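No value in this document is a laboratory result; all are computed from the given coordinates. Since the model is a prediction, treat every value here as computed from it, not as a measurement. All Cβ positions, even for glycine, are placed from backbone atoms using ideal geometry, and neighbour counts span all protein chains on display.
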Amino acid sequence: MIDGSTPRSACLDGAGAGAQLSSLFATTDTVYLLLALDGSVLDLNRAALSLMRTSRDSVVGRDFWSLPWWRDQAAVATLRPRSTVAGRSARADAVWKDAEGALHVIDLRLHPLGDTLLAEGTDVTEERTTRERLCLREHQYHTLFENMLSGFARHELVVGPDGKPVDYRFLEVNSAFERLTGLRREEILERTVLEIMPETELFWIETYAAVVRDNAPIQFVHHAGVIGKCFEVVAYPLGRNQFACMFNDITSEIEAINRLKASEQYYHSLLDSSPAGIFYYRNGRDISYCNHRFYDILQVSPEAAQEYGLKILPDPAQHAVIGASLEGRSGAFEGPLPTGRQIYLLCSPLRTEQGEVSGGIGILQDVSERRAREAETQALITRLTETNTELERFAYVASHDLREPLRTIASFTQLLQRRYQGRLDADADAFIALIVAGATRMHTLIGDLLAYSRISDNGGLFKAVDTTDACKVALQNLRESIEDAKATITVEPLPSITGDPVQIMQVFQNLIGNALKFRSDSAPCHIVVSAGQAGDEWRFSIADNGIGIAETSQDIFEIFRRLHGGERYPGTGIGLTIAKRIIQRHGGDIWYEPNPAGGTVFHFCIPRALEDAAPSPTSGS
């Protein structure tokens, strides 16, 4: 940059100019060259020769403006007209390249001196380099200052007449400060915090005053209620009654921590309300967490659990289960405590998102009462089994003993009927007929009751059953009834199942027999037996076009339940009950619904024990 200046050699005029110039050339480290007005070098001092690293003779007489050491001769030449034409000093920075190629920044000044020019130069390379570094650092500082994510503010304490701090003033803020607080720098700079936010508590002024007074930084979390945010703040002294604050908005982090704490309290309350003792562990020694029930079951205090850790579990087998969970395997243990209580311990590993074992969780249950109840239940089942066996034997014996006198009564009454029918009066014939019918019905009823009581215990082993064959046997047993009813029986393809062949046949026989019994007089009897897959079950259907079942709240599968009189539709009322008990023994269900074409459809389902069993292709009428 070229500018005017007062020449250092302004005193060099008159008769003593030559002597003074020689003295100045010899005693200073400043570079001096004496030039003619045309620019030729007349003389130079040792400092100039040292800078050029050459001899005096190689420079004197040469054109100053075109010396080869100037890096930019055109820039240096701009000084010539300023000094020769205007008759005043001129100044500029020029870059000098020495013989070794090193660059030097020269503060070059040109002074008019009579009919000559005095070139004065100072090597300011280090000064200019330092200045450039300072400028670069200042630029970097401002770039960082404006682009940093943390808010920054520089303040000055405001003290009252008594010397006590009463406020602080905003001197400088960055862009992050504006973004985080919502305050604009043009609205707050050179203003105090109480001017901007009058509700600011004195506590904060005193806190920052302590930073300045003690010359020590502090760090804290500040909830700014005025703007509804939380900040993590670092305040440090700057000197001259100033301090700076650097802060980050941690509102979302604080809210997340509060939510996490609330969640932990919620889950801890859930764990504490659990009837099981629950505990976490990171290793085989220490307990990270346990609920209140854990203390109750083991009958230990929280202090003991904290002190002894997992040692409060006395059995080595329990520690083996815990150790297995820390190796990634779940395990269980059941056994007695020293107190006599029976416990069940289940331990499972806890894993990180990467699948690594980070610890374990244990669930401890007091199963003393449960095991006592199970023992009582087992004893009761044993007694009931024995009682049922005795009742079954009694029923068999009783039915046999009851059938004998009934058979005798029926036989002798039928003998009377054959011998004396028509020889006595009509009332006697009717009485004899009633005795025969009653004895026959009682004999059938006793047989059905015996069959019902022995369904579960006397059933055969489950095995593969072709239900088409079972249905065929049932139809063979009902042949006379089918012929009497002149019925058409259609059997569609039926599947193979796992069950009791005899009992499955009995279900078909009872349901088809009911359909034959309750046929309609208005249309030929037609019965359809079919089956289909329904999820994991086989659903069987027996559809008829008989008289149907009137809507009723009564359970027709209840024992002895009869919806019609015995005069036209004889029976004991046990057939459907037997069918239901058989289906229940096979893990299924039975129900009925009206047939849209008239009559009734009975359905029963049995689980599919034989996967992909193909339905039998056999069907017939």
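Taking a ≥ b ≥ c as the square roots of the Cα gyration tensor eigenvalues, the stretch 177-305 comes out prolate, since a/c reaches at least 1.5 and a/b is larger than b/c.
Need the C-alpha centroid separation for the stretch 152-181 versus the stretch 332-392, integer Å. Here the two parts' Cα centres lie 69 Å apart. The GluC sites (Glu not before Pro) of the stretch 280-385 that DSSP puts in a loop, and whose beta carbon has at most 11 other beta carbons within 10 Å, are GLU327, GLU353, GLU356. Of the GluC sites (Glu not before Pro) found in the stretch 191-264, those that fall in a DSSP loop while having at most 11 other beta-carbon atoms within 10 Å are GLU199, GLU201.
Working from label points 7 Å from Cα in the Cα-to-Cβ sense, the TRP204 to GLU374 distance is 6.5 nm. Estimated at 0.36 nm per residue, the fully extended path between VAL60 and ARG179 surpasses their Cα-Cα distance by 36.2 nm. In this structure, the residue pairs whose Cα-Cα separation is over 26 Å, taken from LYS472/LYS580; LYS229/LYS261; LYS463/LYS517; LYS261/LYS311; LYS164/LYS229, are LYS463/LYS517; LYS261/LYS311; LYS164/LYS229.
Annotation: the residues LYS580, LYS486, LYS97, LYS472, sorted from fewest to most other C-beta atoms within 10 Å of their own C-beta, follow the order LYS486, LYS97, LYS472, LYS580.
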